[in-house]
Structure formats: C-alpha cells, structure tokens
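Student: Submitted below is the structure of interest, expressed as structure tokens.
The values are calculated or read from the model by the stated rules, or taken from the named source; none is laboratory data. These numbers were taken from a predicted model, which means no experiment stands behind them. So basically every Cβ, Gly included, is an ideal-geometry build from the backbone, and we count neighbours across all protein chains shown.
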Amino acid sequence: MRIDILTLLPELLEGPFSASIMKRAQEKGLVEIHMHNIRDYSTNKHKNVDDYQYGGGAGMVMSIEPIAALIDKLKAERDYDEIIYMTPDGEVLDQGDCNDLSLKGNLMILCGHYKGVDERIREHYITKEISIGSYVLSGGELAAAVVVDSVVRLLPGVLNDETSALTDSFQDNLLSPPVYTRPPEFNGWKVPEVLLSGDFKKIDAWREEQALDRTTKRRPDLLY
Ligand code: ADE
C-alpha cells in the first residue's frame, strides 16, 4: 500500500509514523507513507496557501491552486483508489471503513486547516470525506494519523500475531472481553477463575459472554 498525505504541517505527522507498529510496517515494505507540504506548491511570492472567503465572514479558506497542483501531479504519477479529505463534516469512521480501506492500493489523504478547503476541491477531486468523530480538531493531521494507523495495522504481515486484528473490538460488532496477566492475585483482586482453568471451551464461552455483556452496557448501538 502507498499513502500520500497532503498537509501544511508535515512535522505534526512525523511522530505517529516513526515508532512501533507504523515504523515496522514501513521498514518491512508493507506500506510507503509520503508526506507532501502543500505550501511547496504555492506559486504566490509570499507562499500563501489561504485567502479570505467570498461573501465575507471570519476564517481563512485553503486556496484551490496549490492543492490542485499537488493532486494533479500525484494523479499523473499513479492511479489512486481514494482521494480522502479529513473533515468534521465527513462520514464518521468505523472499523468497516478501515477494513475496506486496508484492501486498497494507493490512497491520498488531504488534511484541512482554517475554515477548510475551497469547495471546488471537494467537488472535483475528493472521492471520500472522513470525520473521526463529532468534535473539531485544529487541523486534519491528527485525524489522518488515526486513519493511517487504523488501516495499516490491518495489512497482512503488519501485526506479528495476525489473529489479533481479527479479535479486536468492533471486528464482529462486539467490544473485546476483559484481559488479565500475571500475577493471579494483586491486593486481593483475583483473576477470574475460569481463565486459570485450562478449559478452553469454557474460556471461549466466558469471553463471548463478557464481550456481549460489555457491548450491551457500553455500546448497545453496535448490536442493532
Ligand atoms: N478536522 C478537524 N476536525 C476533524 C474531525 N473531527 N475529523 C476529521 N478531520 C477533522
């Protein structure tokens, strides 16, 4: 998979992709992540990338020219399966979307700032608009990092134990059951007996019951 990220703040995205699972996925050649600074495509002598909005009102709008120039350049180099715009008014991301995106080859992700991008970018280039939740971030970068992380960890070979992505919360519309490790007792707080029993049928049944119970209490919306 190849992911191109279009941003005004590439430094915001250095951290999330330079450690742990994301770093290893790139080192193993399972994903290539390319950062592009939109400002480099401004032809204006002050390198401006935004302007006042037509019709008046507070807040700057990201201009069409540098973004269009960058997208056109990338599209001339390869085909993209999706050109994604991170925006709070997009469709709210869920595990199903992550699964779908993990099957794609080339993704482009545009991060918004200020009041957003000129609407003509959305109309003529963007194929998918994603929100990571009903709140507003100061820019799309952290949201893009969430999308990339949640998609890349699903690529075959990224996680050491491949089954661990399949048993994540949400993969079967259930939250995960509680987990424990040693010691079996701490401060008098005991690990549930069944987990120490060695009876894997019983353990599986207990985990299913706990997952269902947790989902019913915390996220009943997932069950319908
Ligand atoms: N940009 C600002 N807020 C956002 C959100 N909630 N999701 C995606 N992109 C955003």
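Student: With farther than 21 Å from residue 36 by Cα and not β-branched (Val, Ile, Thr) as the only criterion, which of 135, 125 stands out?
Tutor: Sole residue among the options that is farther than 21 Å from residue 36 by Cα and not β-branched (Val, Ile, Thr): 135.
Student: Another question about this same structure. Which residues, taken from segment 17-38, are assigned to a loop (DSSP other than H, G, I, E, B) and surrounded by 15 or more Cβ atoms within 10 Å (Cβ to Cβ)?
Tutor: Across segment 17-38, the qualifying residues are 17, 31.
Student: Oh, and also: Pick out the one residue from 123, 129 that is of a type outside the set (A, V, I, L, M, F, W, C), within 16 Å of the ligand (Cβ to nearest atom) and assigned by TED's automatic domain parsing to the domain that holds residue 80.
Tutor: The match here is 129.
Student: Quick check on segment 118-126. Is at least one of its residues in contact with a Leu (Cβ under 9 Å, 6 or more places away or on another chain) and either closer than 30 Å to residue 210 by Cα or modelled with pLDDT under 95 (or both)?
Tutor: Within segment 118-126 (the criterion being in contact with a Leu (Cβ under 9 Å, 6 or more places away or on another chain) and either closer than 30 Å to residue 210 by Cα or modelled with pLDDT under 95 (or both)), the answer is no, since none of the residues qualifies.
Student: Can you name the residue in segment 132-167 that is within 15 Å of residue 101 (Cβ to Cβ) and more than 16 Å from the ligand (Cβ to nearest atom) and, of all such residues, is farthest from the chain's Cα centre (by Cα)?
Tutor: Of everything passing the filter in segment 132-167, 156 is farthest from the chain's Cα centre (by Cα).
Student: List every residue pair whose Cβ atoms sit under 7 Å apart, with the two residues 6 or more apart in sequence or on different chains, where the first one lies in segment 138-154 and is more than 16 Å from residue 10 (Cα to Cα) and the second, anywhere, is more than 13 Å from the ligand (Cβ to nearest atom) and of a type in the set (S, T, N, Q).
Tutor: If the second residue must be more than 13 Å from the ligand (Cβ to nearest atom) and of a type in the set (S, T, N, Q), the pairs left are 151/102; 154/99; 154/102.
Student: Filter segment 121-131 for residues that are surrounded by 15 or more Cβ atoms within 10 Å (Cβ to Cβ) and assigned to a loop (DSSP other than H, G, I, E, B); which is farthest from the chain's Cα centre (by Cα)?
Tutor: 125
Student: All but one of (1) β-branched (Val, Ile, Thr); (2) free of Cβ contacts under 8 Å to residues at least 60 places away in the same chain; (3) more than 8 Å from the ligand (Cβ to nearest atom) hold for residue 67; which doesn't?
Tutor: (2)
Student: Looking at this structure, is residue 41 more than 18 Å from residue 145 (Cα to Cα), surrounded by 16 or more Cβ atoms within 10 Å (Cβ to Cβ) and not aliphatic (A, V, I, L, M)?
Tutor: For residue 41, the condition - more than 18 Å from residue 145 (Cα to Cα), surrounded by 16 or more Cβ atoms within 10 Å (Cβ to Cβ) and not aliphatic (A, V, I, L, M) - is met.
Student: Run residue 151 past the list (1) in a loop (DSSP other than H, G, I, E, B); (2) buried (at least 16 other Cβ atoms within 10 Å of the Cβ) and report the number of the one that doesn't hold.
Tutor: (1)
Student: To continue, here is another question. Output the residues belonging to segment 74-88 that are more than 8 Å from the ligand (Cβ to nearest atom) and touching a strand residue (DSSP E or B) at 6+ places or on another chain (Cβ under 9 Å).
Tutor: 74, 75, 78, 79, 80, 81, 82, 83, 84, 85
Student: Quick one: count up the residues across segment 79-120 that are polar (S, T, N, Q) and in a strand (DSSP E or B).
Tutor: Total satisfying the criteria: 2.
Student: Next question. Could you please find all residues in segment 89-109 being within 10 Å of the ligand (Cβ to nearest atom), over 12 Å from the mean Cα position of the chain (by Cα) and buried (at least 18 other Cβ atoms within 10 Å of the Cβ)?
Tutor: If the condition is that a residue be within 10 Å of the ligand (Cβ to nearest atom), over 12 Å from the mean Cα position of the chain (by Cα) and buried (at least 18 other Cβ atoms within 10 Å of the Cβ), then 90 is the only one that fits.
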